[in-house]
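Have a look at the structure below, then the notes.
The values are calculated or read from the model by the stated rules, or taken from the named source; none is laboratory data. This structure is a prediction, so every number in the text was calculated from the model and none was measured. In this analysis, Cβ positions are derived from the backbone assuming ideal geometry, glycine residues included, and neighbour counts consider all displayed protein chains.
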Amino acid sequence: MDEHRSEVRLTASECARRMGLSVRTLRVYERHGLISPQRTGKDWRLYGANEVARLNEVLALKALGLSLSRIADLLDGKSTDLGRTLAVQREALQGICQRAQRGLAMIGTLQDKLAGGASLTITDLTNLAKESSMVEPTDDAVAWRRYEQNRPRTEVSINPSIYEDYSGSYQLQDGPYYIVSAKDGRLFTRVVGQSDIEIFPESETEFFMKALPVQVTFHRGDDGQVSSLTHHQNGAEIRATRVDAQIAKTAEEDLMARIRNKTPFPNSESIIHRVVAEHVRGQPDYDGMAPPLAALAKQQSEQVRAELDRAGDVNEIAYKGVSQAGWDVYEVRFANFNMEWSFFLGADGKLHGLFFRPTP
């Protein structure tokens, strides 16, 4: 049965009808090089499983706002990855559902306000636009970036002498320092306190990790010197500017002292109590998070809420220390099981990292 199904070929009109498209749209996609249907002896176009899979990928990327030319550039020479396509579609649809739920809840509140005889303020209306995502499709943008960051990369050969230009210390927008080093014709990066991870070139300025879906892009200033880099991960693009090596060294020494002495962030205990309580209520303070973390937290909110519902009431929160990456770590004892929570506080006072996991 599966073999027979895999051999089925659809005509252009059949394919268009099943996909909810027009035959003209299929022709447009073909002209852009997005699909290459097979041909019969009479030159009729036929669409098989591979062509339909590629159409799904094109539609997923088009839903994120990409132009057909940009999609063609992205998919050029790459096989279809249905798993990645489904993940993007799932994230996009989850984002739509979450925005709709928040928007409907706010609309209900505003309707009650009007029914009570009050008028709506500019703040009410701007908040409604923001919650309903009538202004910026930020979730879709994050989903697209995550798709791009997870695509397969191809290592290319470049002159390793250029690595010395990239070596040095950088400071990420969220506060941590980023160290780039060249060793024996290879290039490595690390956040202070962490181990070196090798990055591999896909161009003279773009590099990627093989172990993780992470990329690093280096930027030169008007003087030709490397002045900054961009760290690409989890749908976020974080800029880092070059700083004096001594500044980064001092920051790393301070971090090692924090770890050794188990010194928490200022107001750490009150922060973790507040953050845990907000998540248990299902009302995280997204404004108190850096934008990349807020986007990720919104995307995962349903899974987080389900996990915390299983955990039950909070019984006790106990400080454990500072992780090797500089995060404050706590043990949170719930009614049904225990969890480890950790967070990183940026220089702007916002949460730039938040993580939790069940513990034995």
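Would you check if residue 277 is under 26 Å from the mean Cα position of the chain (by Cα) and more than 30 Å from residue 145 (Cα to Cα)?
It is true that residue 277 is under 26 Å from the mean Cα position of the chain (by Cα) and more than 30 Å from residue 145 (Cα to Cα).
Looking at residue 240 and the list (1) crowded, with 19+ Cβ neighbours inside 10 Å; (2) in contact with a helix residue (DSSP H, G or I) (Cβ under 9 Å, 6 or more places away or on another chain); (3) modelled with pLDDT of 90 or more, which single condition is not satisfied?
(2)
Is it the case that some residue within region 218-228 is assigned by TED's automatic domain parsing to the domain that holds residue 173, surrounded by 15 or more Cβ atoms within 10 Å (Cβ to Cβ), touching a Ser or Thr at 6+ places or on another chain (Cβ under 6 Å) and within 25 Å of residue 255 (Cβ to Cβ)?
The answer is yes; a qualifying residue exists.
Considering region 18-30 alone, what residues qualify as being in a helix (DSSP H, G or I) and either in contact (Cβ under 8 Å) with a residue 60 or more places away in the chain or more than 14 Å from residue 45 (Cβ to Cβ) (or both)?
18, the sole residue that qualifies.
Within region 217-268, can you find the residues that are in a helix (DSSP H, G or I) and either without any contact (Cβ under 8 Å) to a residue 60 or more places away in the chain or not aliphatic (A, V, I, L, M) (or both)?
Scanning region 217-268 gives 246, 249, 250, 252, 253, 254, 257, 258, 260, 261, 268.
Here is a check on your reading of the model: is residue 247 more than 18 Å from residue 327 (Cα to Cα), surrounded by fewer than 18 Cβ atoms within 10 Å (Cβ to Cβ), assigned by TED's automatic domain parsing to the domain that holds residue 189 and β-branched (Val, Ile, Thr)?
The answer is yes for residue 247.
Do the conditions hold for residue 271, that is, is it surrounded by fewer than 18 Cβ atoms within 10 Å (Cβ to Cβ), modelled with pLDDT of 95 or more, closer than 25 Å to residue 193 by Cβ and not hydroxyl-bearing (Ser, Thr, Tyr)?
no
Yes/no per residue for (1) assigned by TED's automatic domain parsing to the domain that holds residue 239; (2) buried (at least 20 other Cβ atoms within 10 Å of the Cβ); (3) touching a residue at least 24 places away in the same chain (Cβ under 8 Å):
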| position | (1), (2), (3) |
| --- | --- |
| 171 | yes, yes, yes |
| 181 | yes, no, no |
| 186 | yes, no, yes |
| 190 | yes, no, no |
| 194 | yes, no, yes |
| 197 | yes, no, no |
| 208 | yes, yes, yes |
| 214 | yes, no, yes |
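Which residues, taken from region 274-287, are surrounded by 14 or more Cβ atoms within 10 Å (Cβ to Cβ) and in a helix (DSSP H, G or I)?
Once the filter is applied, which keeps residues that are surrounded by 14 or more Cβ atoms within 10 Å (Cβ to Cβ) and in a helix (DSSP H, G or I), region 274-287 yields 275, 276, 278, 279, 280, 286.
Given the conditions (1) assigned by TED's automatic domain parsing to the domain that holds residue 217; (2) more than 25 Å from the chain's Cα centre (by Cα); (3) of a type in the set (Val, Ile, Thr), report the number of the one that residue 332 does not fulfil.
(1)
Among the numbered criteria (1) closer than 28 Å to residue 252 by Cβ; (2) surrounded by fewer than 16 Cβ atoms within 10 Å (Cβ to Cβ); (3) among the aromatic types (Phe, Trp, Tyr), which one does residue 343 miss?
Unmet condition: (2).
What tally of residues in region 36-56 results from selecting those that are of a type in the set (Lys, Arg) and under 18 Å from residue 74 (Cα atoms)?
Looking only at that region, the number is 1.
Regarding residue 290, is this residue crowded, with 18+ Cβ neighbours inside 10 Å and not assigned by TED's automatic domain parsing to the domain that holds residue 191?
Taking the combined requirement at face value, the residue satisfies it.
Tell me the strands (runs of 3 or more DSSP E) entirely within region 292-349 that contain at least 2 residues that are under 30 Å from residue 189 (Cα atoms), touching a residue at least 40 places away in the same chain (Cβ under 8 Å) and not charged (D, E, K, R).
Values: elements: 314-322, 328-334, 338-345.
The qualifying strands (runs of 3 or more DSSP E) are 314-322, 338-345.
Of everything in region 290-329, what is basic (Lys, Arg) and under 18 Å from the mean Cα position of the chain (by Cα)? Give them in sequence order.
298
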